Amino acid sequence: MKLQKLILFLVVSGIVLAMTACGAAEPETKTLTFSPLALSIPALKGLSEGVKAVGGEMGYDVIVVDPDFDPTKQAQQLNELITTGRTSAAWVISVNPGAMKDVVDQAQAKEVVLVLNGVPEDYGYSGMQAGVTFARINYEKFGGTVGELLGQCVNEKLGGSAKVIFLQSAEGTAGKQEIEESMQGKLSELAPGAEIVATAIISERAEGQNTVGQILQANPDANAVMTTNDEGGLGALGAFKAAGTELPCLVDAGGNDEVLAAVESGEMYGAAALDFQGDMMQTFEAVATMLADPSAPGAQLEVPVIPHKTGE
């Protein structure tokens, strides 16, 4: 009986303390909305599942909306949730930052905090905004990591000289110029004896394999590949295997599961990958900080870049 009374006393005391801390009211439910470009993109669909799982563990109700590449639809979905009070925060990968001005205005008026991709200038601002955190991909760092890894491989395995096939992204790809210039710049810095003998634009794996196969016919002494995407990397790997030609140095920008497995096995020398899990955790931290004071300016974040190298 004494034990039961003690338990009852502790429970009641805990309730009283909780009510005192919260002004004798139920704690407000925190709701986070995640709005990616489109859920038809496998990586973003997977990220949405991660947001729901991690958000749930952190005490958030998570709403996932799908604008399906439509900037008007994205703005409408977010404005409805914000103006009706159904969300207290939103993580948005904007289809078109220029279409988000009204969303930001509505969010600030309702003290709904936002995490937006990019930088303030993308949205027409000259500096940080109250209750808004921005998260950019540092394309220069991303590309530079690829060039650095390939330079290391050329020096370690090829004595500082290489014949490089450079597989690039299609025009209009986000960060194309910054990534490709940084790749070439870092490679030249670390391995000046590496010569780019051929370039090609690759967006699909089968296309990559066929194109690299044709390049190999004209450049049979090619022994290194640097690519801006996984499709190019995996296509190149297939092309060299089909030709029975050794490929000592292959470095990829992207780092999907198949690519990382190839790096681990030694088929690829390395890959640069964006750390979306790390980005998700820093996003939740930013949301919590801003919810504590929605009137304070948010922060400028960067998506972490992780270098993966065979043998490490």
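A few notes on this one:
- Which labelled figure in (1) 75, 54, 42; (2) 61, 44, 34; (3) 82, 54, 32 is Cα extents along the principal axes in Å, once derived from the coordinates: (3)
- Neighbour counting of Cβ atoms within 10 Å sorts the residues Tyr125, Tyr139, Tyr269, Tyr60, fewest neighbours leading, into Tyr125, Tyr139, Tyr60, Tyr269.
- In the elastic network of the chain, a GNM with C-alpha springs shorter than 10 Å, the most mobile of Gly46, Gly254, Gly270 is Gly46.
- Here region 181-231 and region 55-103 have alpha carbon centers that stand 39 Å from each other.
- For the chain, a crude dipole built from +1 on the beta carbon of Lys and Arg and -1 on the beta carbon of Asp and Glu, taken about the Cα centre, is about 820 debye to the nearest 20.
- With R₀ fixed at 51 Å, the C-beta to C-beta distance from Glu111 to Thr245 puts the FRET efficiency at about 0.25.
- Net charge dipole, region 139-274: roughly 260 debye, given to the nearest 20, about the Cα centre with Cβ charges of +1 for Lys and Arg and -1 for Asp and Glu.
- Ranking of Leu291, Leu149, Leu167 by count of other Cβ atoms within 10 Å, fewest first: Leu291, Leu167, Leu149
- For the chain, calculated [θ]222 nm from helices alone, where every DSSP H run of n ≥ 4 adds -39500 (n - 2.57): -15500 deg cm²/dmol
- Tensor-based shape of region 133-172 (alpha-carbon gyration tensor, a/c under 1.5 rounded, otherwise prolate or oblate): oblate
- Long-range HN-HN contacts of Ala194 with modeled amide H, under 5 Å: Ala162
- Between helix 71-83 and the chain: long-axis angle, C-alpha atoms, 0 to 90°, nearest 10: 20 degrees
- Of Thr228, Thr245, the sequence from fewest to most neighbouring Cβ atoms within 10 angstrom is Thr245, Thr228.
- Too-long pairs where the Cα-Cα distance tops 26 Å, listed order kept, from Lys45/Lys241; Lys110/Lys176; Lys73/Lys110; Lys30/Lys101: Lys45/Lys241; Lys110/Lys176
- The alpha-carbon of Lys157 sits under 17 angstrom from the alpha-carbons of these lysines, leaving out residues fewer than 8 places away in its chain: Lys309.
Every number in this text was worked out from the coordinates using simple rules, so none of it is lab data. None of the values given here were measured: they were computed from a predicted structure. Glycine gets a Cβ as well: all are built from the backbone with ideal geometry, and neighbour counts include every protein chain shown.
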